[in-house]
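Peer 1: I'd like to ask some things about the structure below.
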Amino acid sequence: MKVLITGALGMLGQQLAKVYKDQDPILWDREVIDITDKDKVLTQISKIKPDIVLNTAAYNDVDGAENNEALAMEINGHAIGHLAKAVSTAGGILVHYSTDYVFKGDSVEGYKEDGQPDPQSAYARSKYLGEQELVDNIQNYYLIRLSRLFGRPAKSKSGKKSFVEIILDLANNQDEVNVIDEEVSSPTYSVDLALATKAIIDQKKSFGIYHISNNGSCTWFEFAKEIFSNYNIKVKLNPVPADFFSRPALRPKYSVLLNNKTEPLRSWQYALKDYMSVKNHEI
Ligand SMILES: NC(=O)c1ccc[n+]([C@@H]2O[C@H](COP(=O)([O-])OP(=O)(O)OC[C@H]3O[C@@H](n4cnc5c(N)ncnc54)[C@H](OP(=O)(O)O)[C@@H]3O)[C@@H](O)[C@H]2O)c1
């Protein structure tokens, strides 16, 4: 079975590469192939004929996208259409990842897989465009939405820094740390997500949309509090409202992804503990 992973040096891409190591996956990052290069993508995929393509390449700068919407649309939106056409013609399966941010965030109980997206920022619009390009151009797809990814940091230049690393940096450099005590969602551990992705494929689940995140939910402050407690950090942590920081992009207030199709993952607190013990071990 031929497996191709894009964004292979990113946070999730690296983990998928580990999970699929027995298949000796083909690893693409921007240096190898820019996914916005339509001709190269079509030529290479028709040559390789992969059975499974796992696309984790993305423009993930939520605030940056407000001033770079065209670029975000290109990478997160149109490129997915090219990939989907190429993989469909080659007869493979395309796994693509999206975000809780495609939803407006005014739900009180969270969003089911068939919930109606209503993106509120440039980043969210670009990711929603990618979802539409996927659905319109290939039948054999898994669209997996996730939220608040954490895990071993990306090795690539612009890979997204996770909230865990951001908070640890702040705690190392400041006497007090202010964190927004709003915007409820579920952290997702890259290891658990990569394993859940493989399980969906191995079990030949029906094609369509999946919501995968660790169990439970929290505000950013509650997430930070758990990180502080795991590390026994004594720096003062202050809860602040969402408008305390000026951030260009609007975020959903409540965007918990409800999973009605697969086994629930362990709690985010358990997953975080696991990640932190691995991290300590590596240090
Ligand atoms: N991180 C989160 O909190 C989060 C939340 C919800 C959904 N997601 C989604 O989950 C997926 C995985 O996210 P992640 O955090 O693992 O991403 P990441 O660490 O930021 O990695 C993304 C990778 O994509 C590469 N890339 C960017 N533009 C590219 C292009 N034009 N051609 C080829 N490669 C390109 C980047 O390479 P360079 O660094 O060299 O540009 C980087 O290695 C993405 O679809 C993301 O939108 C993430």
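The values are calculated or read from the model by the stated rules, or taken from the named source; none is laboratory data. Only a predicted model underlies this, so the values are computations on that prediction, with no experimental measurement involved. As a convention, Cβ positions derive from the backbone with ideal geometry for all residues, glycine included, and neighbour counts pool all protein chains shown. All accessible areas refer to the heavy atoms of the entire protein, side chains included, with ligands and DNA or RNA removed. Shrake-Rupley method; radii C 1.70, N 1.55, O 1.52, S 1.80 Å.
Peer 1: Can you say whether residue 58 is within 10 Å of the ligand (Cβ to nearest atom), under 25 Å from residue 207 (Cβ atoms) and open to solvent by 30 Å² or more (accessible area, probe 1.4 Å), as far as the supplied structure shows?
Peer 2: yes
Peer 1: Also: Can you name the condition, by its number, that residue 27 falls short on among (1) buried (at least 23 other Cβ atoms within 10 Å of the Cβ); (2) part of a strand (DSSP E or B)?
Peer 2: Residue 27 satisfies all of (1) buried (at least 23 other Cβ atoms within 10 Å of the Cβ); (2) part of a strand (DSSP E or B) except (1).
Peer 1: Now for a different question. Any idea which of (1) surrounded by 14 or more Cβ atoms within 10 Å (Cβ to Cβ); (2) among the β-branched types (Val, Ile, Thr); (3) farther than 30 Å from residue 69 by Cα is the one residue 278 doesn't satisfy?
Peer 2: Single failed check for residue 278: (1).
Peer 1: Considering each residue of segment 148-197, count those that are open to solvent by less than 50 Å² (accessible area, probe 1.4 Å), of a type outside the set (D, E, K, R) and closer than 18 Å to residue 268 by Cβ, and give that number.
Peer 2: 22
Peer 1: Filter segment 30-55 for residues that are open to solvent by less than 10 Å² (accessible area, probe 1.4 Å), within 14 Å of the ligand (Cβ to nearest atom) and not hydrophobic (A, V, I, L, M, F, W, C) and give the result.
Peer 2: Passing the criteria: only 55.
Peer 1: For segment 61-105, enumerate the residues that are among the aromatic types (Phe, Trp, Tyr) and either open to solvent by 40 Å² or more (accessible area, probe 1.4 Å) or near the ligand (Cβ under 9 Å from one of its atoms) (or both).
Peer 2: Listed by number, the residues that qualify are 97, 101.
Peer 1: Right, next: Quick one: in segment 254-273, which of the residues that are open to solvent by 20 Å² or more (accessible area, probe 1.4 Å) and touching a helix residue (DSSP H, G or I) at 6+ places or on another chain (Cβ under 8 Å) is nearest to residue 209 (Cα to Cα)?
Peer 2: So the residue we want is 262.
Peer 1: Could you tell me whether residue 231 is in contact with a Gly (Cβ under 6 Å, 6 or more places away or on another chain) and open to solvent by less than 80 Å² (accessible area, probe 1.4 Å)?
Peer 2: Here the answer is no, as residue 231 does not meet what is asked.
Peer 1: Hey, can you tell me all the residues within segment 156-179 that are within 15 Å of the ligand (Cβ to nearest atom), in contact with a strand residue (DSSP E or B) (Cβ under 6 Å, 6 or more places away or on another chain) and not in a loop (DSSP other than H, G, I, E, B)?
Peer 2: Listed by number, the list holds a single entry, 164.
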